[in-house]
Amino acid sequence: HDGIELAVSEASQGALVTQLDEGVIDLAILTRNEAANEQCRLTPLYDERYVVVFPPGHRLGRSNAVTLGELSRENYVDRLACEMREMVMGVCESEGVELYARFRSEREDWVQAMVLAGIGFAFMPEYSVTLPGLIQRPLIEPEVSRSVVVAAMPGRPHSPAAGALMRAAQGFRWPG
């Protein structure tokens, strides 16, 4: 769109909701969560399940799907910026699943590179896997998914740029 400047940055969900509330940003693309549900007007974009990502040749990569129990004691690459991390770690603890993180990072590209290098497996949203050669299998027992939304503050009118982005986001044919 002519005359529109778009700035994209990453932040935690809490920081994004705070920035929306303070008027620092007009819109945020985030995962539906309690804080956003209570404070923001949410427009759904798509749903996606979580997958387990393996390097080529990993024994569990031959399965059609992977249970959490099968991952116990497997080397793990920890996605520190994952919005579902606390929930998954809580389920692992309650189910007695032991994970040893051999590598931790907030950067998605580094996490995927370490998995491809054979350091361990990672949990990822299925549409976030971008590195060729990685094997992804659905996580079952439990199934984990997320809903991706555009968040805005209720009662605050959209700027022309925010309105154009909302129309583009709603008109796009998202996966899932």
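The values are calculated or read from the model by the stated rules, or taken from the named source; none is laboratory data. The structure displayed is predicted, hence computed values, not measured ones. So basically every Cβ, Gly included, is an ideal-geometry build from the backbone, and we count neighbours across all protein chains shown.
Brief remarks on what is shown
- Residues in segment 138-176 that are acidic (Asp, Glu) and on the phi > 0 side of the Ramachandran plot: Glu141 alone.
- Residue list for segment 75-107, restricted to those being of a type in the set (A, V, I, L, M, F, W, C), under 16 Å from Ala117 (Cβ atoms) and in contact with a Lys or Arg (Cβ under 8 Å, 6 or more places away or on another chain): Val77
- Evaluated against (1) surrounded by 15 or more Cβ atoms within 10 Å (Cβ to Cβ); (2) touching a strand residue (DSSP E or B) at 6+ places or on another chain (Cβ under 9 Å), Val97 falls short on exactly one condition, (2).
- Pairs, first surrounded by 10 or more Cβ atoms within 10 Å (Cβ to Cβ) in segment 2-13, second part of a loop (DSSP other than H, G, I, E, B), C-beta under 8 Å, six or more apart: Glu10/Ala81; Ser12/Ala81; Gln13/Asn33; Gln13/Glu83
- Of the candidates Glu106, Glu83, the single residue that is of a type outside the set (Lys, Arg) and either out of contact with any helix residue (DSSP H, G or I) (no Cβ under 9 Å at 6 or more places or on another chain) or farther than 18 Å from Glu126 by Cα (or both) is Glu106.
Each row is one residue, and each column tells you yes or no for (1) among the β-branched types (Val, Ile, Thr); (2) within 20 Å of the chain's Cα centre (by Cα); (3) in a strand (DSSP E or B).
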| residue | (1), (2), (3) |
| --- | --- |
| Gly3 | no, no, no |
| Val24 | yes, no, no |
| Leu42 | no, yes, yes |
| Leu45 | no, yes, yes |
| Arg49 | no, yes, yes |
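- Unmet requirement for Pro138, which otherwise passes all of (1) under 13 Å from the mean Cα position of the chain (by Cα); (2) more than 24 Å from Asp26 (Cα to Cα); (3) touching a residue at least 24 places away in the same chain (Cβ under 8 Å): (1)
Every residue, every condition in (1) crowded, with 17+ Cβ neighbours inside 10 Å; (2) touching a Phe, Trp or Tyr at 6+ places or on another chain (Cβ under 6 Å); (3) at pLDDT below 95, yes or no:
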position: Arg32; (1), (2), (3): yes, no, yes
position: Asn37; (1), (2), (3): no, no, yes
position: Cys40; (1), (2), (3): yes, no, yes
position: Arg49; (1), (2), (3): no, no, yes
position: Val52; (1), (2), (3): yes, yes, no
position: Pro55; (1), (2), (3): yes, no, no
position: Arg62; (1), (2), (3): no, no, yes
position: Gly69; (1), (2), (3): no, no, yes
position: Ser72; (1), (2), (3): no, no, yes
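- With respect to (1) out of contact with any Pro (no Cβ under 8 Å at 6 or more places or on another chain); (2) in a strand (DSSP E or B), the lone exception for Glu98 is condition (2).
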